[in-house]
Amino acid sequence: MGVVATGAAVWPLADSMNPSAEVLALASTEVDLSPVAEGQRISVFWRGKPVFVDRRTAEQIKAAEEVPMDELPDPQLDEARVQKPEWLVLVGVCTHLGCIPLGQKTGEPRGEYGGWFCPCHGSHYDTSGRIRKGPAPLNLEVPPYSFVEDEVILIG
Ligand code: FES
């Protein structure tokens, strides 16, 4: 599993005169991606929400890039959803009614499009986290993040 360090670790004691320090500590999450193998998914928490990080295989990337836009309920190019094709970063909250989709753990169903499956009402997401089938209206959200090192991201 990935080693996860939150911003909280670098704040010793929040200065009581500066409450924004505590807020800042919660606002961002740093994630070391280097232990994540190709094809592996890890979950981290950011602002109380699960964030899915998926180190995609070449096949998963190809599948995501080849989908015609007219097959997508919420059309969005894969390249617009990633900063590096191998790393897909998503807020793991179904855009229907907020359940946490399955597919992060080995053996969990990933739905008909190989991404994630929300069992609450049957929404299927693809390998770009885009909604493909079911009642969810929108793609899984991509949170704000940046690469602070080659294999370290800062979410938030
Ligand atoms: S909450 Fe995911 S399908 Fe309804």
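Listed by chain and number, the aspartates and glutamates whose C-alpha is less than 20 Å from the C-alpha of residue 133, apart from same-chain residues fewer than 8 away, are 65, 66, 70, 71, 74, 78, 108, 112, 141. Excluding residue 156 itself, calculate the net charge of residues whose Cβ lies under 11 Å from the Cβ of residue 156, where each Lys or Arg counts +1 and each Asp or Glu counts -1. So the surrounding residues net to +1.
At 1.4 Å probe size, with every protein chain present, just tell me what the per residue accessible area of segment 37-144 comes to in Å². Intermediate results must be reported in sequence, preceding the final value.
On the way: 5100 Å² over 108 residues.
I get 47 Å² per residue for this part.
In sequence order, segment 50-56 has phi-based couplings of x, 10, 8, 10, 10, 8, 6 Hz under the Karplus curve 6.51 cos²θ - 1.76 cosθ + 1.60, θ = phi - 60°, and Gly or Pro positions carry x.
Jot down the per residue volume, in cubic angstrom and as a whole number, of the convex hull over the alpha-carbon atoms of segment 50-110.
Values: hull volume 6.1 nm³, N = 61.
Convex hull volume per residue, Cα atoms: 101 Å³.
Straight-line reach from residue 105: taking Cα to Cα under 20 Å and skipping same-chain neighbours fewer than 8 places apart, the lysines in range are 49.
Positive contributions from Lys and Arg (+1) and negative ones from Asp and Glu (-1), summed over other residues with Cβ under 9 Å from the Cβ of residue 85, come out at -2.
Amide H contacts for residue 92 (H built 1.01 Å from N in the peptide plane; partners 5 or more residues away or on another chain; cut-off under 5 Å): 51, 52.
Segment 80-156 has equivalent-ellipsoid semi-axes of 23, 13, 11 Å, by the square roots of 5 times the alpha carbon gyration tensor eigenvalues, sorted largest first.
The values are calculated or read from the model by the stated rules, or taken from the named source; none is laboratory data. If you're wondering where the values come from, they're calculated on a predicted model, not measured in any experiment. Every residue, glycine among them, receives a Cβ derived from its backbone with ideal geometry; neighbour counts consider all protein chains shown. Quick note on the areas: whole protein, heavy atoms, side chains included, nothing else; ligands and nucleic acids left out. Shrake-Rupley method; radii C 1.70, N 1.55, O 1.52, S 1.80 Å.
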